[in-house]
1. Taking the residues in segment 1-30 that are closer than 30 Å to residue 242 by Cα and free of Cβ contacts under 8 Å to residues at least 40 places away in the same chain as candidates, determine which candidate is surrounded by the most Cβ atoms within 10 Å (Cβ to Cβ).
2. Report whether or not residue 182 is in contact (Cβ under 8 Å) with a residue 12 or more places away in the chain, in a strand (DSSP E or B) and exposed (fewer than 15 other Cβ atoms within 10 Å of the Cβ).
3. Can you find a residue that is free of Cβ contacts under 8 Å to residues at least 12 places away in the same chain and assigned to a helix (DSSP H, G or I) anywhere in segment 236-244?
4. Scanning for something part of a strand (DSSP E or B) and surrounded by 20 or more Cβ atoms within 10 Å (Cβ to Cβ), does segment 218-225 turn up at least one residue?
5. Does segment 239-256 contain any residue that is surrounded by 12 or more Cβ atoms within 10 Å (Cβ to Cβ), in the same structural domain as residue 23 (by TED's automatic domain parsing) and over 18 Å from residue 59 (Cβ atoms)?
6. Among the listed residues 34, 48, which satisfies the condition of being without any contact (Cβ under 8 Å) to a residue 12 or more places away in the chain and closer than 27 Å to residue 163 by Cβ?
7. Just a yes or no: is a residue in segment 100-107 surrounded by 15 or more Cβ atoms within 10 Å (Cβ to Cβ), out of contact with any strand residue (DSSP E or B) (no Cβ under 8 Å at 6 or more places or on another chain) and closer than 30 Å to residue 14 by Cα?
8. Quick one: would you say residue 201 is farther than 22 Å from residue 13 by Cα, surrounded by 15 or more Cβ atoms within 10 Å (Cβ to Cβ) and outside the structural domain of residue 255 (by TED's automatic domain parsing)?
């Protein structure tokens with residue numbers, strides 16, 4: 001796959017029109033103490049349908065085969081960290097919101113992985129951060145962290161200074177939105193006047209969905225950041241192909257963000273802004289990506305961490321660490 005057209009660009013930007021799969025109404029993401037995020041722009045009332053944080057998780061999820069509890073076959077050989085408990089799959093760096101900074105990888109009694117990366121990043125404890133050492137280590141253990149960002153917030157790891165911003169970011173925004181108010185009733189045909197506090201009785205409720213004149217998925221692939229990692233050309237190519245694969249897999253799969261937010265791309269022909277570049281189809285990208293993974297296989301490992309602790313242990317350990325720092 002020829003990516004030469006991207007060589008002179010610092011960014012690859014996509015603005016991909018979306019619309020509800022059926023009808024016109026959709027349910028946006030909600031935030032605590034805020035609800036739906038609406039705001040005013042020159043386009044009128046706008047709405048954040050899906051945040052950058054949520055989209056990062058969704059772009060990771062398309063790489064995971066839930067039935068196999070493993071990366072999709074296309075990504076066999078890609079580096080990631082797997083966590084098992086009692087010999088069974090618990091979680092992994094592709095599913096964890098903080099990736100390899102997950103407490104299930106760093107806070108458990110199995111310190112083998114923590115000690116390994118601490119040793120490999122030991123030269124960063126003092127002085128300026130050696131970015132090439134950091135990115136090379138992340139490539140070895142968790143390639144996706146180089147696309148979606150990471151913050152190793154442990155004082156034992158260079159004093160908690162090791163972080164990378166997202167190189168691949170996305171969000172969904174809607175313009176010209178209006179509230180579509182509706183509601184319903186949870187019916188209890190046995191005892192309609194029963195105690196609702198205990199789940200009995202009829203319970204009426206209101207519901208706010210939205211309509212929009214326009215909805216867009218915005219995607220930003222920061223090529224300058226990826227090239228700035230100082231990796232070998234084959235590794236850089238893998239990262240770019242992986243980012244493009246994630247986007248195409250998301251568009252080709254399910255854009256059902258919530259029960260009442262099932263979307264689709266208006267057009268399969270996805271073109272970059274200001275570049276003569278069209279997002280390739282899923283099959284060509286999968287072939288190119290498998291080749292890229294093969295070319296870099298010697299620089300990647302798949303790591304398994306045994307988390308045999310109580311599932312609340314990580315939370316308690318994190319709380320104790322916060323208290324100690326305060």
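The values are calculated or read from the model by the stated rules, or taken from the named source; none is laboratory data. Just so we're clear, the structure is a prediction, and the values are computed from it rather than from any experiment. All Cβ positions, even for glycine, are placed from backbone atoms using ideal geometry, and neighbour counts span all protein chains on display.
1. 30
2. Yes.
3. Yes: one or more hits.
4. Yes, because at least one residue in segment 218-225 is part of a strand (DSSP E or B) and surrounded by 20 or more Cβ atoms within 10 Å (Cβ to Cβ).
5. no
6. Result: 34 is the single residue among 34, 48 that is without any contact (Cβ under 8 Å) to a residue 12 or more places away in the chain and closer than 27 Å to residue 163 by Cβ.
7. No: zero hits.
8. For residue 201, the condition - farther than 22 Å from residue 13 by Cα, surrounded by 15 or more Cβ atoms within 10 Å (Cβ to Cβ) and outside the structural domain of residue 255 (by TED's automatic domain parsing) - is met.
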